[in-house]
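Report on the following structure.
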Amino acid sequence: MGAPHIRIIFLGPPGAGKGTQAARLATYLKVPRISTGDMLRDAIAARTPLGQVAGPLIEKGGLVPDPLLIELITERLSQPDCAGGYLLDGFPRTLTQAEGLEKMAPVASSEFVVFDVEVPREELLRRLSGRRWCPTCQATYHIYNNPPKNDSLCDRDGTLLIQREDDKEIAVARRLAEYDERTLPLIDYYKQRSCFHRVNGYRPVDTVFGELRQILEERR
Ligand code: AP5
């Protein structure tokens with residue numbers, strides 16, 4: 001399905017499945033998935049100035065300052081591949097970022113869809129503690145729900161999978177606290193708008209994906 005000019009925002013707590021669904025939906029819609037978490041991890045690996053600021057904050061489960069994220073996204077959305085639409089995974093994450101996005105692309109426009117993926121807290125903890133990650137291609141797995149074909153190796157490139165530093169217990173607690181304090185208010189910010197859709201993410205990956213597709217079909 002080609003979907004010109006669609007712009008999607010994924011909201012939801014850490015571990016809700018935003019990245020998993022965003023990757024599938026981006027392939028299905030043929031639009032770029034813009035994951036701020038992946039972009040920041042790339043910057044850390046490349047030791048750029050942004051990466052040097054972001055690294056210690058991410059490791060402890062804190063948020064990276066708003067002006068840096070707004071600059072990162074402004075630059076990314078100006079790239080030609082975003083002209084036909086895009087999918088934002090991990091941005092905006094604060095009210096300041098939402099206001100920054102509004103200046104780049106008004107979310108009131110009919111091209112926007114906001115998905116808020118809800119999952120109970122105990123399940124988030126189970127998903128994050130079992131997540132394994134490929135430091136080469138950033139693919140994610142889960143030791144029980146979505147294990148790699150070969151024990152501990154990425155299916156795509158054979159890299160040894162690791163646990164993200166921010167998936168360790170103390171960092172997860174901080175990430176959830178940051179979510180409650182700084183990202184949850186975004187739900188009130190968007191929920192009165194017709195573009196807002198709450199989705200139950202506590203179901204199998206295919207079921208959640210089916211609902212996202214259905215919502216998009218119904219909006220066409
Ligand atoms: P980021 O990488 O965006 O982390 P996050 O938002 O905490 O999200 P996660 O990647 O943890 O979870 P997810 O919802 O994508 O779930 P996933 O699909 O992987 O950001 C990392 C850090 O970067 C932040 O903490 C912050 O420091 C910084 N940052 C990023 N953006 C920022 C911003 N805008 N402002 C400031 N700082 C920013 O799934 C999780 C696990 O569950 C996987 O193992 C998966 O296989 C499994 N799973 C997925 N779906 C299901 C399902 N339906 N059933 C069972 N298991 C499932």
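The values are calculated or read from the model by the stated rules, or taken from the named source; none is laboratory data. As the structure is a computational prediction, the values presented were derived from the model and not from experiment. Please note: Cβ atoms are built from the backbone with ideal geometry, for glycine as well, and neighbour counts cover all protein chains shown. Ligands, DNA and RNA are excluded from the accessible area calculation, which covers all protein heavy atoms including side chains. Shrake-Rupley method; radii C 1.70, N 1.55, O 1.52, S 1.80 Å.
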Original post:
Picking from Ile58, Ile44, Ile9, Ile70, which residue would you name as being in contact with a Lys or Arg (Cβ under 8 Å, 6 or more places away or on another chain), within 13 Å of the ligand (Cβ to nearest atom) and among the β-branched types (Val, Ile, Thr)?
Top reply: Ile58
**OP:** Could you list, in sequence order, all residues of the stretch 88-146 that are small (Gly, Ala, Ser) and more than 9 Å from the ligand (Cβ to nearest atom)?
**Re:** Ala98, Gly100, Ala105, Ala108, Ser109, Ser110, Ser129, Ala139
Subject >> Residue in the stretch 154-169 that is open to solvent by 70 Å² or more (accessible area, probe 1.4 Å), touching a helix residue (DSSP H, G or I) at 6+ places or on another chain (Cβ under 8 Å) and either of a type in the set (Gly, Ala, Ser) or under 20 Å from Arg121 (Cβ atoms) (or both) present >> reply: yes
Subject >> Thr20 within 17 Å of the chain's Cα centre (by Cα), away from the ligand (no atom under 13 Å from the Cβ) and of a type in the set (Ser, Thr, Tyr) >> reply: no
Subject >> Near pairs, Cβ below 8 angstrom, 6+ apart or cross-chain, from the stretch 11-40 (among the aromatic types (Phe, Trp, Tyr)) to any residue that is more than 7 Å from the ligand (Cβ to nearest atom) and at pLDDT 95 or above >> reply: Tyr28/Arg213
**OP:** Have a look at Leu57, Leu40, Leu69 and point out the one that is crowded, with 17+ Cβ neighbours inside 10 Å and either over 22 Å from Ala139 (Cβ atoms) or touching a Cys at 6+ places or on another chain (Cβ under 6 Å) (or both).
**Re:** Leu69
